[in-house]
Each structure stands twice: as structure tokens, then as C-alpha cells.
1. Being over 17 Å from Val57 (Cβ atoms) and of a type in the set (A, V, I, L, M, F, W, C) is the filter here; which residues of the stretch 8-39 pass it?
2. I want to confirm something. Restricting to the stretch 115-143 and keeping residues that are more than 18 Å from Leu98 (Cβ to Cβ) and in contact with an Asp or Glu (Cβ under 7 Å, 6 or more places away or on another chain), which single residue is surrounded by the fewest Cβ atoms within 10 Å (Cβ to Cβ)?
3. Could you tell me which of the residues Gly99, Gly79, Gly135 is in contact with a helix residue (DSSP H, G or I) (Cβ under 7 Å, 6 or more places away or on another chain) and small (Gly, Ala, Ser)?
4. Only one of Glu76, Glu92, Glu85, Glu60 is of a type in the set (Asp, Glu) and within 17 Å of the chain's Cα centre (by Cα); which?
Amino acid sequence: MLTFRSLTPEDHDLVLPMVQDFYLSDAVDHPVDNDILERSFRDAADPAEPLLRGLLVQWEGQPAGYIYVTQCYAAEVGGRCVFIEELYLKPEFRHRGLGVQIMAWLEEEYPAAYRFRLEVTQVNQGAVRLYQKAGYQFLRYDQMILDKIK
């Protein structure tokens, strides 16, 4: 059975290796400093941080992966947008239909959302197929960023 629970600081040694694996995979097309990954985990595991929610994904009581979720207002849809920042399943839990269940759970968990949004690299075709199966479609924007990371 698939279950979810909020991350806690005690999950650090369990979750951070998954985060590092995510950032070394085809899901990400640029390097990210480990200090940033640490800071993001701390924020995801801090219930006082309103902008980032971290969840442990469990299958039959075993840690299977994690999710980072943020929310914002999307003016182009006139309402709340849930941004799936990171979704990771350990390799041994992939290809079991869990991804589709996770995507459905997210929609149930955030019923007020007008849009769900995520990023995917073109080389990560397994993820592309999962998201398309869940009803996602490409929205072609080029991203521009100004990093002010301290």
C-alpha cells in the first residue's frame, strides 16, 4: 500500500541520498551544489517553512522515494498552482505503477489547485511517459532565471 508522510529532520540520512541520486540523474540537466541540497532538505522537513513541503513516499512501510511540493498563484489560470519540484522513486520501486498513483494522490491532496506544474528534461523519457499518462501536457515556455543564491 502506498502511503505518504511529512519529512522530519530525522529523515536526513534516509532522504538525502535519494535527493543526491535525483540530482545525478537525467531528471536534472545542470549541477547543483550539495549545500543547496542540504538547505532544501532542511526547509522541506521544517513545518514552519510555508513554501516547501517534503513528503516521504512509502510502499508497504518501506521508504520508496520522496516528493518536494510548492504552491503559488498562477495568474494565467486565475488560481492556485501546485509545483511538483521533485519527485523521486528508488529504482527498485519503479515500473510498478506507483508513479501514476502518486500523481493521482497529489491531485486529491490539493483539490483547490487550478494547475499542477512540473519540469522534465527531454532525455528523461520514463518521466515524460509517466506524466503524459497522468494527463500532463507540454507547455512550451523557455525559462529565464536570475540566481541570487547565498
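1. Matches in the stretch 8-39: Leu24, Val28, Val32, Ile36, Leu37.
2. Val123
3. Gly99
4. Glu85
Since every read-out is calculated from the coordinates, none of them should be taken as a lab result. The shown structure was predicted, so the numbers you read here are calculated from the model rather than taken from an experiment. Glycine gets a Cβ as well: all are built from the backbone with ideal geometry, and neighbour counts include every protein chain shown.
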